[in-house]
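Just so you know, all these numbers are worked out from the coordinates, no wet-lab data involved. Keep in mind that what you see is a predicted model, and the values were worked out from it rather than measured. Every residue, glycine among them, receives a Cβ derived from its backbone with ideal geometry; neighbour counts consider all protein chains shown.
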Amino acid sequence: QHYLDRIKRIDPQLNSYVTVTEEIALAQAKIADERLASGDSNPLCGIPIAHKDIFCTEGVRTSCGSKMLDNFVPPYNATVVENYLDAGAVMLGKVNMDEFAMGSSNETSYYGPVKNPWDTRCVPGGSSGGSAASVAAMLAAGATATDTGGSIRQPASHCGLTGIKPTYGRASRYGMIAFASSLDQAGVLTRSAKDAAIMMNSLISFDQKDSTSVDVAKEDYLQNLETSVEGITIGVPKEYFGDGLKIETAALVQEAIDQYEKMGAKIKEISLPHSSLAVPAYYVIAPAECSANLSRFDGVRYGYRCENPKDLEDLYKRSRGEAFGEEVKRRILVGTYALSAGYFDAYYNKAQQVRRLIKQDFDEAFKDVDVIMGPTCTSPAFKFDSKGSDPVAMYLEDIYTIATNLAGLPGLSIPCGLVDNKPVGLQIIGPAFAEGKLLNIAHQFQ
Ligand code: GLN
């Protein structure tokens, strides 16, 4: 009730929720009370959380931030949602996001932009902007989110939160509306590394319903949080401190790394030579996959259908034309072009080759270091409308986060200070399945 009241009072200024599920929340809270009374010891039992509106929720509208799915009520729960139900967590509602998770500012949502609680003239980051703003403003104790190219870590950086994207395949994608299937991964946004560890314990599961889910033994992410960082080797890629990084951001990230050195970590300069190719490769691969994934929204099977179609072609054209926003259309066009017969080798195959090189850079680096540290973003949160008209400027927001998705690796962002009174994040990247180590290292900083 406390959280519901707070949402009513504060969310009109932030717009972080698309749907508040008051009745469901109170019913689930009641069940949690009973479970707690009978000795349930799951730390998430009774904890109020929000789900990004990309996760299917049985009987509750799941819009994906799009007019296309404004009327879509799924008949089933995403595995991630089901996992939190099992843990006894309470769903407060569904939170806002960039349309189909395409964006870095939450300005592309059909339900309007989300504001950054630190400065409401600024964006919260995206695409998981609603998840980040709701947690930062204490309108949820934690939130689920997704990261295809940075959508958990970048909003974590802009809202002063901990955000973790697990290794590709670690969390189930079943019931998570697809954007770019080879990159999409579910994760969480929380107020501390310990909260993230608690949420991760329920998020992670092997799922036969997701063909890329990996059957690797589950660990208890709370277990090693207190391990000292003494003796670990931290790699600092020189490419992450080049042009475009704001001097004040670089200084705070450097200070954080120095702090780890004081705690006994060894710092080593490394190189990820293909870093500059990550954004261009991503903006071929992600649109290509999205153009295929979004072909299912045809006005027939799901969601929006135009009025009085003349014939089938008119139904397709107008349903898609009227319900998709500009950024989604741009990606579908770019992706369809990149996949078309004459261009497939020149664009899509080339981008996949570059992706392999990026992955090899990380493989090489992790022969010598335990984790990699650098900035999450170049600068703190920017003002509304400052990048919205320039897609390339917006695409560069993820310059430090995208390579991790291309390589399938886990990445995390924690707050490391303020620039112009706004938070900035330290990014920690690990080898595959090193989520526990990332959370441990993050916890030692806080
Ligand atoms: N900002 C990137 C994009 O627009 C990443 C989005 C994401 O991670 N979902 O594609």
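Here is the list for segment 285-347: GluC sites (Glu not before Pro) lying in DSSP coil, each with at most 15 other C-beta atoms within 10 angstrom of its C-beta, are 307. Charge tally for residue 367 (other residues, Cβ to Cβ under 13 Å; Lys, Arg +1; Asp, Glu -1): -4. Contact order, relative form, for the chain: 19 percent (alpha carbon pairs under 8 Å, 6 or more residues apart, mean separation divided by residue count). By the equivalent-ellipsoid construction on the alpha carbon gyration tensor, segment 212-257 comes out with semi-axes of 31, 18, 11 Å, ordered largest to smallest.
Cβ crowding within 10 Å ranks 31, 332 as 31, 332, fewest other Cβ atoms first.
Summarising the overall dimensions of segment 1-129 from its C-alpha atoms, the Rg and Dmax are 15.1, 47 angstrom.
Each Lys or Arg adds one and each Asp or Glu takes one away; over the other residues whose Cβ falls under 15 Å from the Cβ of residue 227, this sums to -4. Residues whose amide H comes within less than 5 Å of that of residue 95, counting only those at least five positions distant or on another chain, are 18, 51, 52, 53 (H built at 1.01 Å from N in the peptide plane).
What ranking do 382, 100, 206 get, fewest neighbouring Cβ atoms within 10 angstrom at the top?
Ranking 382, 100, 206 by Cβ neighbours within 10 Å, fewest first, gives 206, 382, 100.
Counted over the chain, the DSSP beta bridges are approximately 70% antiparallel. For 123, 369, the sequence from fewest to most other C-beta atoms within 10 Å is 369, 123. Once the Cβ-Cβ distance of residue 26 and residue 209 is raised to the sixth power relative to R0 = 30 Å, the FRET efficiency obtained is 0.50. Any idea what diffusion coefficient the chain gets from Stokes-Einstein, in µm²/s, Kirkwood Rh on alpha carbon pairs, 20 °C, 1.002 mPa s? Roughly 99 µm²/s, to the nearest whole number. Modelled spin-label separation between residue 298 and residue 220, with each label point placed 7 Å from Cα along the Cα-to-Cβ direction: 5.0 nm. Under a 5 Å amide H cut-off, with hydrogens placed 1.01 Å from N, residue 267 pairs with 234 among residues at least 5 apart or on other chains.
If I model a spin label as a point 7 Å beyond the Cα along the Cα-Cβ vector, how far apart are those points for residue 76 and residue 385 in nm? My value for the distance between the label points is 4.4 nm. Distance between the modelled labels on residue 58 and residue 238, one decimal in nanometres: 5.6 nm (7 Å Cα→Cβ projection). Restriction of the trypsin sites (Lys or Arg not before Pro) in segment 320-384 to DSSP coil positions whose beta-carbon has at most 10 other beta-carbons within 10 angstrom yields 367. A straight line joining the Cα centroids of segment 207-281 and segment 309-356 runs 34 Å.
The convex hull drawn around the Cα atoms of segment 165-212, when projected onto a plane and averaged over every direction, covers 3.4 nm². Close amide H pairs (under 5 Å, H built 1.01 Å from N) link residue 371 with 233, 235, residues at least 5 positions away or on another chain. Loop-located GluC sites (Glu not before Pro) in segment 225-284 (DSSP state not H, G, I, E or B) with no more than 13 neighbouring Cβ atoms inside 10 Å: 226, 230.
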